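Structure first, commentary second.
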Amino acid sequence: MLVAMSNRILRVFSFAAAFVALAAAPFAVAQQKKSAAAPKSVRLYILDCGKITGVGEERFGFQPGQLATTEMFTPCYLIAHPKGTLMWDTGEISDKDFREPGPAKQGAFTVTRPLLPQLAAIGYTPADITYLALSHYHGDHVANANAFSGSTWIVQKAERDAMFATAKGAAPGPTAPNTALFSSLEKSKTMLLNNEDHDVFGDGTVVIKFTPGHTPGHQSLFLKLAKTGPVLLSGDLYHYPEELKLKVIPSFDFDKQQTAKSREKIEAFVKQAKAQLWIQHDAAAGAKLKKAPAYYD
């Protein structure tokens with residue numbers, strides 16, 4: 001009898017424990033999926049999307065010894081606005097090609113931290129991203145673009161046309177688009193820009209600047225941050241700070257004359273707006289910037 005009673009008591013406790021576990025499960029899932037709250041003012045998060053090493057100075061138009069370093073930093077950016085979010089550039093190696101503990105390597109590219117876990121650490125998933133905008137289609141800026149196909153894609157028409165031209169029979173080349181990296185965007189909800197700037201949230205704090213030349217529809221991004229002040233993210237309008245002084249333009253730019261005109265326009269704009277010009281690939285400057293989960297506001 002004592003054995004039977006003990007078994008009944010054990011079953012009761014097991015049932016109770018299972019009930020508590022089931023009741024707690026939805027709360028645990030909710031905690032894991034908790035999203036970041038909308039900020040009161042614009043925030044800029046810098047995500048570490050890798051580095052580029054081993055590229056030659058000559059390919060970028062420099063003579064040997066003219067660059068302090070040929071290494072480049074590859075950032076991705078999340079801009080959080082009270083009205084939504086913008087993902088700017090998505091890295092050089094896709095998360096699906098990253099194997100823990102890393103690093104992942106592809107030619108000159110090295111990634112030590114995949115992108116999506118960095119976003120999750122600050123409370124965001126691709127489903128939380130309102131807008132996606134890419135500075136341009138080169139592989140070190142679009143590696144995770146397919147992850148954001150549910151966002152509204154903001155792109156210059158000339159750039160979009162160039163991105164999908166290879167798939168329609170255009171001859172490939174060393175800087176030709178790798179359509180596989182962004183193929184899902186072809187069916188995304190898309191905001192096509194016609195060689196123009198675009199105020200993303202309509203209040204002047206997040207403005208896409210049309211800066212063609214490096215590619216047909218290259219873009220840069222202007223941010224007006226309350227504490228940090230105005231900042232211009234260059235895309236690949238520049239790769240190295242020495243380009244500002246020496247006026248060197250890479251040989252592989254789509255239209256070098258357009259690049260020169262875009263630089264002239266942006267440098268005048270930066271001066272007028274009293275903005276900081278952040279060269280996205282600048283390794284020395286990038287090493288000093290705060291990385292997520294820290295942010296600039």
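Here, each number is a calculation from the coordinates, and none is a lab measurement. Quick caveat, the model's predicted, so the values are computed rather than measured. Glycine also receives a Cβ, built like all others from the backbone with ideal geometry; neighbour counts cover every protein chain displayed.
For this structure, a couple of remarks:
- Taking segment 225-247 as the range and being part of a loop (DSSP other than H, G, I, E, B), of a type in the set (A, V, I, L, M, F, W, C) and more than 23 Å from Glu58 (Cα to Cα) as the test, only Ala226 passes.
- Qualifying positions in segment 195-224 - in a loop (DSSP other than H, G, I, E, B) and farther than 15 Å from Gln156 by Cβ: Phe201, Gly202, Asp203, Gly204, Thr205
- Whichever residue in segment 117-131 is under 13 Å from the mean Cα position of the chain (by Cα) and within 10 Å of Leu47 (Cβ to Cβ) and, among such residues, is surrounded by the fewest Cβ atoms within 10 Å (Cβ to Cβ): Gln118
- Ile266 among the β-branched types (Val, Ile, Thr) and not in a loop (DSSP other than H, G, I, E, B): yes
- Residue within segment 54-62 that is charged (D, E, K, R), surrounded by fewer than 15 Cβ atoms within 10 Å (Cβ to Cβ) and closer than 25 Å to Gly150 by Cα present: no
- Residues that are touching a Phe, Trp or Tyr at 6+ places or on another chain (Cβ under 9 Å) and within 20 Å of Gln272 (Cα to Cα) within segment 226-242 comprise Lys227, Thr228, Pro230, Val231, Leu232, Leu233, Ser234, Gly235, listed in sequence order.
- Meeting the requirement of 1 or more residues that are without any contact (Cβ under 8 Å) to a residue 12 or more places away in the chain, closer than 19 Å to Lys209 by Cβ and hydrophobic (A, V, I, L, M, F, W, C), no strands (runs of 3 or more DSSP E) wholly within segment 78-165 can be named.
- Filtered residue count, segment 215-271, keeping only those that are of a type in the set (A, V, I, L, M) and either surrounded by 17 or more Cβ atoms within 10 Å (Cβ to Cβ) or in contact with a strand residue (DSSP E or B) (Cβ under 7 Å, 6 or more places away or on another chain) (or both): 11
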